[in-house]
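Heads up: the structure comes next, in structure tokens.
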There are 6 protein chains.
Amino acid sequence: MKKILWQEMRRTEIEEAAKADAVVIIPVGSIEQHGNHLPVNTDINCCFSVAKSAAEIIDDFPVLVAPSILEGFSPHHMKYPGTISFKLHTYIDVLTDVATSIAAHGFKKIVFLNGHGGNVGVISSMRRKLMEDNGPSCVGYTYFTLVDEELKAISEVDFSIGHAAEMETSLQLYLQPELVDKESATWAPGVSGDPTRGTYEKGKRLFEAAVNTVVTMIQDYHSGKLEDALIPKRNTDPERRKYM
Amino acid sequence: MKKILWQEMRRTEIEEAAKADAVVIIPVGSIEQHGNHLPVNTDINCCFSVAKSAAEIIDDFPVLVAPSILEGFSPHHMKYPGTISFKLHTYIDVLTDVATSIAAHGFKKIVFLNGHGGNVGVISSMRRKLMEDNGPSCVGYTYFTLVDEELKAISEVDFSIGHAAEMETSLQLYLQPELVDKESATWAPGVSGDPTRGTYEKGKRLFEAAVNTVVTMIQDYHSGKLEDALIPKRNTDPERRKYM
Amino acid sequence: MKKILWQEMRRTEIEEAAKADAVVIIPVGSIEQHGNHLPVNTDINCCFSVAKSAAEIIDDFPVLVAPSILEGFSPHHMKYPGTISFKLHTYIDVLTDVATSIAAHGFKKIVFLNGHGGNVGVISSMRRKLMEDNGPSCVGYTYFTLVDEELKAISEVDFSIGHAAEMETSLQLYLQPELVDKESATWAPGVSGDPTRGTYEKGKRLFEAAVNTVVTMIQDYHSGKLEDALIPKRNTDPERRKYM
Amino acid sequence: MKKILWQEMRRTEIEEAAKADAVVIIPVGSIEQHGNHLPVNTDINCCFSVAKSAAEIIDDFPVLVAPSILEGFSPHHMKYPGTISFKLHTYIDVLTDVATSIAAHGFKKIVFLNGHGGNVGVISSMRRKLMEDNGPSCVGYTYFTLVDEELKAISEVDFSIGHAAEMETSLQLYLQPELVDKESATWAPGVSGDPTRGTYEKGKRLFEAAVNTVVTMIQDYHSGKLEDALIPKRNTDPERRKYM
Amino acid sequence: MKKILWQEMRRTEIEEAAKADAVVIIPVGSIEQHGNHLPVNTDINCCFSVAKSAAEIIDDFPVLVAPSILEGFSPHHMKYPGTISFKLHTYIDVLTDVATSIAAHGFKKIVFLNGHGGNVGVISSMRRKLMEDNGPSCVGYTYFTLVDEELKAISEVDFSIGHAAEMETSLQLYLQPELVDKESATWAPGVSGDPTRGTYEKGKRLFEAAVNTVVTMIQDYHSGKLEDALIPKRNTDPERRKYM
Amino acid sequence: MKKILWQEMRRTEIEEAAKADAVVIIPVGSIEQHGNHLPVNTDINCCFSVAKSAAEIIDDFPVLVAPSILEGFSPHHMKYPGTISFKLHTYIDVLTDVATSIAAHGFKKIVFLNGHGGNVGVISSMRRKLMEDNGPSCVGYTYFTLVDEELKAISEVDFSIGHAAEMETSLQLYLQPELVDKESATWAPGVSGDPTRGTYEKGKRLFEAAVNTVVTMIQDYHSGKLEDALIPKRNTDPERRKYM
């Protein structure tokens, strides 16, 4: 079985992947309170799982999953126990150093795949940030905004990712059921939406939709189609707009 | 006629506004190339104009427009002449210092009103950034995402704000026609969309839609409705979701 | 009429100015309390006005006025309403990023023209600061120290720029009389000097002296005479010393 | 079975642990080349495994293992593929933010447990760093220096931890044999010492020694004995000196 | 004989000085090329010597001389051998940390006494810098600008401090003649002014003038007269203006 | 007599030393409380004295002693009077700027020689820190760890350097007896070990051992033997290990 986790590879394996023009996904999430019923690693677990499954599916070129950046930017959750947050300036430096290190070994295509609402602004700024000093090219996406339409179709009450609510509870019931305390899966302060409506089935559907979308995005990135879509053009057709 | 521009006021006038629980809008944009036909201050001019008009309309409580932060985060436009860009770390510090200074004089409600796509991620992160050290409360919005539906309805070809294209050309034909070079209003490298379809009329419609939306947002902020919408709740009804 | 304001220009116009070896003036001032009678933009208004008039007068080569950096370094005025101050580290980064961006488009001659006492030390350090990483050449001057002799001759009581006093009140009565509250133009805490002695006529004289001096300085900078004066030499004649 | 991994816990579980005066271990290591035969996560895997085993053994009070800080300070390994390194300033901020976040939830006893030679200086400085702004108390140790005597006794050729050599190869043969490429387990550039002498048995002995020593250290920290040892005293007896 | 050098004192002696409301002088200069004839410590030697002599003269209250901050801000001299320069941001942090540490021990009156032209802007900004976070009060002066009139009277050719020229050569012939290479005391690149006119006698006169002026300044600072002069007032009489 | 102190040299002398491939020692210590009996410059005095003596002894190639960096990283001593401490980030920048400046003049071999326990971690990290941006090569050692065996042999009660105790008191009785208050040379809070056992003779022996060891280290650095020892190798023989 092919290896996809950077941290489990040896330097020779990583060198080969770079030579084969691999795409490297950096999962970014958070360690933060998710109500009384979900583990604090919910965000990073969701997006790491999407990244891993997407990487496993793609066979035409190597896709590596870099070590997850577990903590994110979560000052708004610090008042609840369990949250570990980087300062904004620290977080930007963390993302910069990791991407720059990866690029230093010859990788040309880096994807930040995000799973935490509080990171969205930072992640979407990293492409420009790395341009400041002629750093490597990268793209950054948040898995649940990539599947916003599917999410709205699957959701019965929240119609957004919310926080520790219908959809994240569903995803965790699918991905890490052993860490979910079903008895406390009700609304509590710090929860945005309705956890009682979370189900394994909804989680499975959203997860699979996210994996499929990320697979396509990575294929488009590797083929040059995504980079091409990001270049200013006269005709901003819908296909291009989905990556803007 | 009432004064709304912070920079034209005297300390006593500003002190009175703080006592009257004024909302302070900080216009943030960019100085960057906008094709061959639009001035480099297009982004800041658009959002400053929206801020100013909205402030003039509201009569129930004072609304001040703080000095515009003219330059923004535009490393992706640096290869074209005229762009002046802050580094990402600098920009975050600029926004922090300005908001913190305003709050130091007793203002409790600060709105970053943004007009530049490259700033969106940073501006949306400022609320959390100021939480890091128990700083003041603020909200941050981008005028053209606040009126995304109206924009899609008005636009004939781009259906997004693009860059120096149909909609920004329209806005500048309405707001600063003397600075637009109509003869060169065609697509050129660095333009995203189709400038040839810009018209005064489209600009007027989008501008007025933006002003109306910002007026409502400021009223909701002042009344506490917007802050309330930002608190995690079980029921994420559509009214709340528009501010999330 | 020729265009001189960077922010109102299009990228093609700025590109042409760079090719024509334009001098770029960056007005730097402050947003800070100026007693009960003057607007908080007094400092930046004074030096922007000087910069603009000087740029209009010079015809032999293009002179552009970059977007004003409105806020400055004013922690000593924060206890009075209306002051917006950058932290010292922020301010240095702001000045660096703006000058570096301008230089990136090919401009070789950058002038920081300052109007705020609290900025003097920072502005005078920027030439060396930009040397640190082989950045662009620049010079920095404060308009009222450039005309210290004329100021002493015009002043009847203060004999220095003071703060919101005889001379700044005079300048604002000349430049922005509609923003001056003449009734409160007396000494108050936070004022340094005597505002009651401010007159339109004194303001006009000091302003014109400043414009003339800045015109000469810019001409000397463009011709190489000023840069030459800054090179260490055996003979430190008075002509050279005025720029040291 | 008791939960010890912070990232797998829910906010209520973490809150309880804080109330019970838990010790929190933060494993810190590196992602860096380890010759041609060991995975790049060798350092963090070794010290995370020690931390986890030690936490499982202690029953008198709760011990949590915080999310590992995977990357470390490894500029000296950047020339070999696979290394991901933080800049020194970034790394200090990362460690500070994580420890400060943990302390914010009421934890009083934080241990940085390090597995990477390049981090030793930084980790040993964190106790003083957190003092700078009256931050939380912490201690920092490197697992292999805590068992330096045992290591010298077990080792046959290197007598030091080296890099990817006798002892680290032994530890990985014990902890992650599936990631070790035994065929390439010989000296290569970037290796310090002799990997051919690594054995499962040596790894097991060193690992168990490290776990035992860390268990004692944590017990001493929880009982106050270690903190007491760090206070300057007249009598620097050997028992105290082992923690200095 | 009384002790004045902080670094030679014991903690009990420093504690007593703080209780006695001592003034603490921090000598700041540079390590930089001073032509072919003067040692690289010329600037810091001059101002340390002034500080030490002034401290020895004052008997009414204790005056301590803190450890000299030897290096300064000298990027403009880096192209000549021997110059050691701090980056601007580093230098500001150095000055902040030293002043903050001194204030932490109860000292209320801190004087930065500067001897290097390149530091003037930074030193004059430190009073405001320390205000940013409610830090200690301080004042900052450059010895040769405090005696500008005397300097002009003593000088025969330069009429300014220049660099490694008439006046600095004179001071070093008086203070450290053993480090001056008289044979090479002529103009050379990097020298500003005329070293050939330096004499022991001129050095002695300027030094004594500087010591006297600094003695008065310190006495005024200790008595509150200088602090009072720095408060904005209506009447900016000449006595006050000398400290502005 | 040959000159060894950088600060007393002229630019031409320093240029010559660089051409002759001189080793430059940067003494780093602290200004911090050392009980009631030792001066606050104890740490920097000890290591500067070692550096100076070592430099005087070596005749085969020039050895310069750069200006001492007097203050160090001492937050743990701030609660006692007299301590002046850099923040950790500041200290790293100070060391970086000084080493970088020295290297800019062509010096290839830089030694940080440390005398303060609190600096050990930082100093040992500087070699890697300078690698981050392809800066100069350097090594960093602490004099008392270089002679740990000799220290243990000389010491009668402490068997470690402690703080202001047996061995530092001995060194100061040898190096600066006039600044030691023998009557208060007993244990007091903030002292680690037993000052009463300090003697001139022990100080002389430890000092001479340190000088000899540093002489050898510098000779090994100059000959390339030390640099060679730092390169990862298969055979980590004891000779190499002493420099690891």
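Brief remarks follow.
- Of the residues D:184, D:192, the single one that is touching a strand residue (DSSP E or B) at 6+ places or on another chain (Cβ under 6 Å) and of a type in the set (S, T, N, Q) is D:192.
- Whichever residue in region F:108-130 is closer than 23 Å to residue D:72 by Cβ and among the charged types (D, E, K, R) and, among such residues, is farthest from the other protein chains (Cβ to nearest Cβ): F:127
- Annotation: of all residues in region B:47-58 being of a type outside the set (A, V, I, L, M) and closer than 30 Å to residue A:128 by Cα, the one that is nearest to the other protein chains (Cβ to nearest Cβ) is B:48.
Here is a yes/no grid of residues against (1) of a type in the set (Lys, Arg); (2) buried (at least 24 other Cβ atoms within 10 Å of the Cβ); (3) on the phi > 0 side of the Ramachandran plot; (4) in contact with a Ser or Thr (Cβ under 8 Å, 6 or more places away or on another chain):
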site	(1), (2), (3), (4)
D:95	no, yes, no, no
D:98	no, yes, no, no
D:105	no, no, no, yes
D:109	yes, no, no, yes
D:114	no, yes, no, yes
D:122	no, yes, no, yes
D:127	yes, no, no, yes
D:139	no, no, no, no
D:144	no, yes, no, no
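- Condition met for residue D:183 (in a helix (DSSP H, G or I), closer than 21 Å to residue D:115 by Cα, of a type outside the set (S, T, N, Q) and within 14 Å of another protein chain (Cβ to nearest Cβ)): no
- Verdict on residue D:225 being in contact with a Ser or Thr (Cβ under 9 Å, 6 or more places away or on another chain) and more than 9 Å from chain F (Cβ to nearest Cβ): no
- In region F:1-46, the residues that are farther than 25 Å from residue F:101 by Cα and more than 7 Å from chain E (Cβ to nearest Cβ): F:1, F:32, F:34, F:35, F:42
- If you check E:168, E:178, E:201 for being more than 19 Å from the chain's Cα centre (by Cα), assigned to a helix (DSSP H, G or I), under 21 Å from residue E:40 (Cβ atoms) and not β-branched (Val, Ile, Thr), only one passes: E:178.
- Filtered residues of region C:138-165 (kept if in contact with a helix residue (DSSP H, G or I) (Cβ under 9 Å, 6 or more places away or on another chain), in a helix (DSSP H, G or I) and within 14 Å of chain E (Cβ to nearest Cβ)): C:144, C:145, C:151
- Exactly one residue out of C:53, C:49, C:68 is crowded, with 24+ Cβ neighbours inside 10 Å, at pLDDT 95 or above and small (Gly, Ala, Ser): that is C:68.
- Among residues of region E:193-222 being within 14 Å of chain C (Cβ to nearest Cβ) and surrounded by 20 or more Cβ atoms within 10 Å (Cβ to Cβ), the one that is nearest to residue C:191 (Cα to Cα) is E:193.
- Residue D:51 being under 12 Å from residue D:27 (Cα atoms) and in contact with a Leu (Cβ under 8 Å, 6 or more places away or on another chain): yes
- Any hit, region F:40-52, residues being closer than 25 Å to residue F:193 by Cβ and in contact with a Cys (Cβ under 8 Å, 6 or more places away or on another chain): no
- Hey, residue B:61 out of contact with any Pro (no Cβ under 7 Å at 6 or more places or on another chain), of a type in the set (Phe, Trp, Tyr) and within 13 Å of chain C (Cβ to nearest Cβ) or not: no
- Among the residues of region A:166-186, those that are buried (at least 20 other Cβ atoms within 10 Å of the Cβ) and either without any contact (Cβ under 8 Å) to a residue 60 or more places away in the chain or of a type in the set (S, T, N, Q) (or both) comprise A:166, A:167, A:169, A:170, A:172, A:173, A:174.
- All positions within region D:195-244 that are small (Gly, Ala, Ser) and within 21 Å of residue F:195 (Cβ to Cβ): D:229
- Any hit, region E:97-107, residues being within 13 Å of chain C (Cβ to nearest Cβ) and under 22 Å from residue C:129 (Cα atoms): no
- Scanning region D:68-91 for residues that are free of Cβ contacts under 8 Å to residues at least 40 places away in the same chain and at the interface with chain A (Cβ under 8 Å from one of its Cβ atoms) returns D:78, D:86, D:87, D:89, D:90.
- Checklist (1) modelled with pLDDT under 95; (2) away from chain E (no Cβ under 13 Å) applied to residue C:241, failing item: (2)
- Residues that are in contact (Cβ under 8 Å) with a residue 12 or more places away in the chain and over 14 Å from residue B:196 (Cα atoms) were ranked within region B:150-160; the one that is surrounded by the fewest Cβ atoms within 10 Å (Cβ to Cβ) is B:150.
- Enumeration of residues in region F:11-46 that are crowded, with 24+ Cβ neighbours inside 10 Å, over 16 Å from residue F:107 (Cβ atoms) and more than 15 Å from the chain's Cα centre (by Cα): F:32, F:33, F:34, F:35, F:37, F:38, F:39, F:40
The values are calculated or read from the model by the stated rules, or taken from the named source; none is laboratory data. For clarity, every value in this text was computed on a predicted model and none was experimentally measured. Please note: Cβ atoms are built from the backbone with ideal geometry, for glycine as well, and neighbour counts cover all protein chains shown.
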